[in-house]
Amino acid sequence: MRAELLELLESTGQLEPRIIVLRMLMGTVIGFFIYLSYTLSHEGSIYSKKFNVSLIALTTITTAVMIVIGNNIALSLGMVGALSIVRFRTAIKDSRDTIYIFWAIVVGICCGAGDFLVAGCGSAFTFLVLLILGRIKNDNRLLLIIRGSRVNEERIEALIFQYYARKANLRVKNTTQNTVELIYELSRRTMHQAAKPKKNGSVHKSITDAVYDIGGIEYCNLIVQNDEVSS
């Protein structure tokens with residue numbers, strides 16, 4: 001039993017060069033497939049060419065690692081121990097990027113182990129899901145920031161309620177002895193609905209004009225709050 005265990009631990013699991021080349025080639029091909037999927041499902045400032053290229057490299061590197069440790073238990077345990085001390089501190093801009101990282105690693109594992117069918121079918125289904133749903137984004141929130149005289153605080157709040165009812169959420173109220181600053185959060189849909197003509201044909205003024213008509217307003221700003229972080 002002891003001899004068999006020692007023989008298993010010392011097994012090198014050498015492969016023929018053509019098998020190694022085939023597995024590396026398949027890993028690279030599917031890596032380009034991941035590259036294409038990332039390009040199609042991302043748009044705008046969130047897209048990073050460097051990150052996309054790194055996905056191909058990650059796939060080929062994982063494939064190479066799996067070829068090396070495929071049949072060598074001792075080497076695989078050592079590799080796990082070495083990788084366990086690595087700390088990655090690169091900020092992930094989009095939660096979808098984590099999906100692509102895991103996708104590249106899984107494809108590398110499958111290709112390194114010679115399971116091309118699993119790598120291909122899994123990549124095809126993942127590609128379809130991300131292609132269909134990858135362009136879905138969070139609804140951009142709008143921040144309405146109003147700063148004016150404190151004596152007009154109730155008039156400002158009444159005006160916001162008149163325009164948006166309870167759909168405008170008061171997030172921040174900053175006050176001094178003479179001034180007040182109110183920050184409301186509302187959706188783009190709520191903003192558009194408030195600007196539509198009413199049943200009687202009347203049309204609201206724009207929110208900025210209505211706010212300045214109150215008097216004593218220092219500024220009225222409308223800011224789009226986006227979850228995406230540009231590089």
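Please go through segment 102-127 and give me each residue that is without any contact (Cβ under 8 Å) to a residue 40 or more places away in the chain, touching a helix residue (DSSP H, G or I) at 6+ places or on another chain (Cβ under 9 Å) and either assigned to a helix (DSSP H, G or I) or of a type in the set (S, T, N, Q) (or both), ordered by number.
If the condition is that a residue be without any contact (Cβ under 8 Å) to a residue 40 or more places away in the chain, touching a helix residue (DSSP H, G or I) at 6+ places or on another chain (Cβ under 9 Å) and either assigned to a helix (DSSP H, G or I) or of a type in the set (S, T, N, Q) (or both), then 106, 110, 117, 118, 122, 124 are the ones that fit.
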Test: residue in segment 190-201 that is under 18 Å from residue 158 (Cβ atoms), at pLDDT 85 or above and surrounded by 14 or more Cβ atoms within 10 Å (Cβ to Cβ): no
Residue within segment 92-109 that is more than 17 Å from residue 124 (Cβ to Cβ), of a type in the set (Lys, Arg) and at pLDDT below 85 present: yes
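State whether one or more residues within segment 165-175 are within 30 Å of residue 97 (Cβ to Cβ) and either modelled with pLDDT under 80 or in contact with a strand residue (DSSP E or B) (Cβ under 6 Å, 6 or more places away or on another chain) (or both).
yes
Just to check your reading of the model, which residue among 23, 89 is at pLDDT 85 or above and more than 19 Å from residue 128 (Cα to Cα)?
The unique qualifying residue is 23.
The values are calculated or read from the model by the stated rules, or taken from the named source; none is laboratory data. Keep in mind that what you see is a predicted model, and the values were worked out from it rather than measured. All Cβ positions, glycine included, derive from the backbone under ideal geometry; neighbour counts span all protein chains shown.
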